[in-house]
Structure formats: C-alpha cells, structure tokens
Amino acid sequence: MSKVKAHPNIQLLIPVVALLSLLLSSCSLGETPAETSQSAASGSEIASSAAGSLDEIREKGTLTIGVFRDLAPFGSVGSDGEYQGYDVYFGDQLGEDLGVKVDYVGLDAQGRVPALTGDKVDLVLANFAITEERAQQVDFSLPYMKASQALISPEDALITDVSQLEGKTLIVTRGTSQQTWFTKNYPQIEQAVYQTQSDAYAALKDGRGDALAQSNLDELAWARQNPGFRVGIEGIGEPTLVAAAVKKGNTTLLDWVNEEITTNLPDNFFHDAYAATLEDVYGEDANPDEIVVERGTID
Amino acid sequence: MNWDLLATYTPMYADALWVVVQLGFWGVFGSLILGALVALVRHWKVPVVDRIAGGYIEVARNTPSMVQLYFLYFGLPLIGVKASGFACAIAGLTFLGGAYMAEAIRSGLEAVREGQYRAAASLGLSQTQTMRLVVLPQALAVALPAITANVIFLIKETSIVSIIAVVDLMALTQNLIGMFYTSNEAYLMLVISYLVLLLPVSIGLRALERRFRRGIA
C-alpha cells in the first residue's frame, strides 16, 4: 500500500531535481556582501544593477568593487569599519580617476568568481591570482602584483619542502589558487579545507594541520604577528600574478583598467600603494621591487 | 552538462554521502539518548537538574547551529579541549538535536493523561511496568511524528559541517566548484545525493509512524 502511495511523488522527482540543480547553479555559494556602512548603503541595488559597462558605471555614479573581507594587508575591514589595504588603495584610485563613488563588497576566496558571473560586482580586486581555470570564467587585466605559493608552519616542526607533507595534513582556504594547485599536483596530500582565511589560520594555530598553503605575502604578514610560525618554503610552482578581474566580455571596463595600469596611473603608483599599506607590515622582510608590478610589466 | 565529469564525480560523492550517513546516524542516535534523558528530567521535574535542562533547551534552540559548531571547534581549544572536526560535528548535532528531541518526547509524555496512571496503579502494575507498558507506548505514538521530523532535520543540518573542514556533500560540492567552476555537474550530484539518502529515510519513517499508530489503536 505504501508503495502505491509513493509512486506519483517519485515520478515528479525528475523534473524537480533538474529544476533544483539548475536554480542552485544559477545562484552562487560563498559570496557574502559584508554588512558595513559602505555596502549597506546600496543594499539591494548591488544585486540588480552592478556589473555594467564603463558607460553604465559612469551613469550610475558608482563602481562596485569586490575585495577581500579578511585578508589584511590587502583587503580587510579596519577598526573604523572601512575597507583598507593594497587592493583597496588601487580601488580608491580607480574610482577617483573614473569620477565615481566606490562601493566595496566584502568577499571570501570562493566568492570571487561568482561575484562577477552573478553580476554582484563590476570589478574584483582581491589578491586574485591569474589561473587557467579562472581565466575561463572571468577576464583578467594586466597584473599589478606578483607573489608565490608558500607554506607556513610552526617553527618547531617547520616544513621546508613539499615532500615533507606526505602523510600529513595541509590547511587551505576554499577557492584559493593554492587549493587547486595542491589538489592537482599533490593529490596524495590530505587537505583540511576552510571557508575563510581567518578560519584557516585559526586552524593552523590550533594545530589542526601541519602547514598552511597561501601566498607568500599573506603568510609573511601573518607570521610577523604570530610568533612561533614561519614561512618555511616559498616559490612553490610558478610565480603567481595578481590582477584585476571583470565579468567575461566586459571589454570596455577591462580596457579602461588596463589603460589605467599602462598609462594613466601616476608613476610608481604601486610602490606608493606598497608604502601606504604594506611597508609597515613587512618592514625589512620584503623588497617592494619583488612584489609590486608597475605598468603591467614583469621583468 | 559534462556527463564524463558526472562519472568522475560519482565515487567522490559516494564517499561524501557515507560521511553524511555516519554523521546523521550518530547525530540522531546521540540526540535521541540526550533528548530522552532531558525529557524525563523535565517530566519528573527533578529539582535543580530540571532547571539546567530547561536552560540547555533554550540555548540549543535559540543559537545558530553554525555558532555552536564554531564554538566546539574553534572555541574549546582555547581552554585546552580539542576534538577532530568529525567528533565536533557529532557533538554539535547531538547538542542541537537533543533539545528538539527532548521537547518532542516531553510532548508525548505529557499527552498521557493522569487517568492512565491511576488505571495502571489500580491494576497493580509497578512503576516500571506502568512506564513500559502503559505510558511509553502512548507517549511514543504521540511524539513520533515530531521525532521523525527531527531526524530528517538533523540529517539535513549535517550540511553545515563544511565550515569545520569535514568533507560532507556540501563541502565536496563547494570544493569542486571553487576549484574547477563546474557548478552544473556538482549541484546536480549534490541534489541527487541528498535525495538518494533522504527519500528512503523519509518513506521508511512514514511507514514506521503508520505501523505505530495501528499498533496502539
């Protein structure tokens, strides 16, 4: 009897499954506009009217930029509730040159691509490394920073070579280029995957993994504030180039950003950005000439 | 839709489904035991413990389950208590589910009228016999729909464990999308996997409810 009753439900299932998974894939996980004064002001407007061409942005008077919410010193919310960092310094300048207001939207690593494909932001400036997989989803500008993949681990059990991670646990943040790179190149290393950068670092502190994979710059900044941890190895794999990204096909905005980088920004703009946001953090530990990329050219 | 990819993903989803099955089983198991204990304490109005149980129910039901998990996973190590993500997930589900189960079971216990106790006493049944033969069967029949709803709720609630690095169906889906941007395939597998798990559970529980009600009547 119970079988007879279940039948019509089961027949309905197939279209329902199809619909549900379609709906799911058209929306996106992991993007969380931060509720700070800056983005709250535009609220629902973000969802409907972002991701425009250059003309639309000018008309609207607002450039919506996705930045990291918890990745100091590149993009984070400061104690005053305002976004700050290297990426934000660049974003502010872009808004000024375009003559529009900038609206920052806080993202986590995983939310960067969906924020663009889902029209939540016009531009992403969030320590966004150019990778093959991402380049199929969004369009990257010329690079404005370079970094490398690195491993940070406790000083008393320092990992100085990737091979030492065999049989151990590597901490990564979901949606970072490090997660993809280690999954592709070292599938045998077990990963503990966290949703946000702050969770990943908290897990490292709690000893939930033997090392954490991130960009060397980010790790260096964190290590300076967390004695007992050190970047044991840098330069894993190819160097990573960090660039701005726009929705695929948004050529007017992409061309304009590239023109800013190649010609319109003041000379040594990114050295200035470094001095304003990164110098205090790195001090003697880093050489700006190895980090910033001026005019989109890598030597 | 890339069909080859679905074939590649299937074993990964099978693994993640197994994690969800384990979490769901232990979570439900733990919740039932904790819930029964708390319900009895409240029903009998055991002094002091009753107040504690009441406080527990309020805390468990009025704080987000995500916050509870964060507390167990990131908070407790601060005072030296560190458990694996999997253990924290089961503890979290038990903590959350125990409160809901307690209320469901208590509603069943309270539905058994005073006259039933007196009738049992007049038949010369001992207190244990009264509980086992008269009260519990009736209480369960009343509580069962709420309990089964909680079971389904708890299994679905496992989907938040990705925040503490447990690779369940949701975490796997987010990982695949985060790395390879294959949203269509990953979401389809996600929906199918949950249905494969929850439909039989749901149909089985409904059958159980029917049988129980017949047995009583």
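The values are calculated or read from the model by the stated rules, or taken from the named source; none is laboratory data. This structure is a prediction, so every number in the text was calculated from the model and none was measured. Neighbour counts are summed over all protein chains in view; Cβ atoms, including those assigned to glycine, are modelled from backbone coordinates with ideal geometry. The area values use the complete protein model at the heavy-atom level, side chains included, leaving out ligands, DNA and RNA. Shrake-Rupley method; radii C 1.70, N 1.55, O 1.52, S 1.80 Å.
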In region B:42-68, residue nearest to A:Lys205 (Cα to Cα) [restricted to those that are open to solvent by less than 20 Å² (accessible area, probe 1.4 Å) and in contact with a Leu (Cβ under 9 Å, 6 or more places away or on another chain)]: B:Gln68
Residues that are in contact (Cβ under 8 Å) with a residue 40 or more places away in the chain, acidic (Asp, Glu) and within 24 Å of B:Leu109 (Cα to Cα): find the helices (runs of 4 or more DSSP H) completely inside region B:134-217 holding 3 or more of those. none
Please work out which one of (1) buried (at least 21 other Cβ atoms within 10 Å of the Cβ); (2) closer than 17 Å to B:Ser31 by Cβ is the condition B:Val201 fails and give its number. (1)
When residues of region B:187-197 are limited to those that are open to solvent by 30 Å² or more (accessible area, probe 1.4 Å) and at the interface with chain A (Cβ under 9 Å from one of its Cβ atoms), the one farthest from the chain's Cα centre (by Cα): B:Ile192
Quick check: is even one residue across region B:142-162 among the aromatic types (Phe, Trp, Tyr), open to solvent by 30 Å² or more (accessible area, probe 1.4 Å), within 14 Å of chain A (Cβ to nearest Cβ) and under 19 Å from the mean Cα position of the chain (by Cα)? no
Every pair of residues 6+ apart whose Cβ atoms lie under 6 Å, when the first sits in region A:185-214 and is more than 8 Å from every other protein chain (Cβ to nearest Cβ) while the second is open to solvent by 20 Å² or more (accessible area, probe 1.4 Å) and not aromatic (Phe, Trp, Tyr): A:Glu190/A:Thr169; A:Thr196/A:Asp70; A:Gln197/A:Asp70; A:Ser198/A:Asp70; A:Gly209/A:Thr169; A:Asp210/A:Lys168; A:Asp210/A:Thr169
If we ask which residues in region A:121-155 are outside any loop (DSSP other than H, G, I, E, B) and touching a residue at least 60 places away in the same chain (Cβ under 8 Å), their number turns out to be 22
Just one of the numbered conditions (1) at the interface with chain A (Cβ under 10 Å from one of its Cβ atoms); (2) farther than 24 Å from B:Thr10 by Cβ; (3) of a type in the set (Val, Ile, Thr) is not true of B:Ile203; which one? (2)
Is region B:16-24 home to any residue that is of a type outside the set (Lys, Arg) and farther than 16 Å from B:Val166 by Cα? no
Within region A:234-247, is there a residue that is basic (Lys, Arg) and either modelled with pLDDT under 95 or over 30 Å from A:Asp55 (Cβ atoms) (or both)? no
Let me confirm something: among A:Ala221, A:Ala192, which residue is part of a strand (DSSP E or B) and open to solvent by less than 20 Å² (accessible area, probe 1.4 Å)? A:Ala192
Among the residues of region A:97-104, is any among the hydroxyl-bearing types (Ser, Thr, Tyr), farther than 18 Å from A:Ser215 by Cα and open to solvent by 10 Å² or more (accessible area, probe 1.4 Å)? no
Among the residues that make up region A:246-265, is at least one of them within 30 Å of A:Asp210 (Cα to Cα), outside the structural domain of A:Asp206 (by TED's automatic domain parsing) and open to solvent by 70 Å² or more (accessible area, probe 1.4 Å)? no
For the list (1) open to solvent by less than 40 Å² (accessible area, probe 1.4 Å); (2) more than 21 Å from B:Tyr181 (Cβ to Cβ), I need the number of the one condition that A:Leu158 fails. (1)
Of all strands (runs of 3 or more DSSP E) completely enclosed by region A:61-115, which ones contain at least 3 residues that are hydrophobic (A, V, I, L, M, F, W, C) and assigned by TED's automatic domain parsing to the domain that holds A:Glu219? none
Where A:Gly175 falls short, out of the listed (1) assigned to a loop (DSSP other than H, G, I, E, B); (2) open to solvent by less than 10 Å² (accessible area, probe 1.4 Å); (3) without any contact (Cβ under 8 Å) to a residue 60 or more places away in the chain; (4) not hydroxyl-bearing (Ser, Thr, Tyr): (3)
Just a yes or no: is a residue in region B:64-77 away from every other protein chain (no Cβ under 14 Å) and in a helix (DSSP H, G or I)? yes
Quick test for you: out of B:Asn175, B:Asn184, pick the one residue that is open to solvent by 50 Å² or more (accessible area, probe 1.4 Å), polar (S, T, N, Q), within 14 Å of another protein chain (Cβ to nearest Cβ) and touching a helix residue (DSSP H, G or I) at 6+ places or on another chain (Cβ under 8 Å). B:Asn184
Select from region A:84-138 the residues that are among the aromatic types (Phe, Trp, Tyr) and more than 14 Å from chain B (Cβ to nearest Cβ) and list them in ascending order. A:Tyr86, A:Tyr89, A:Phe90, A:Tyr104
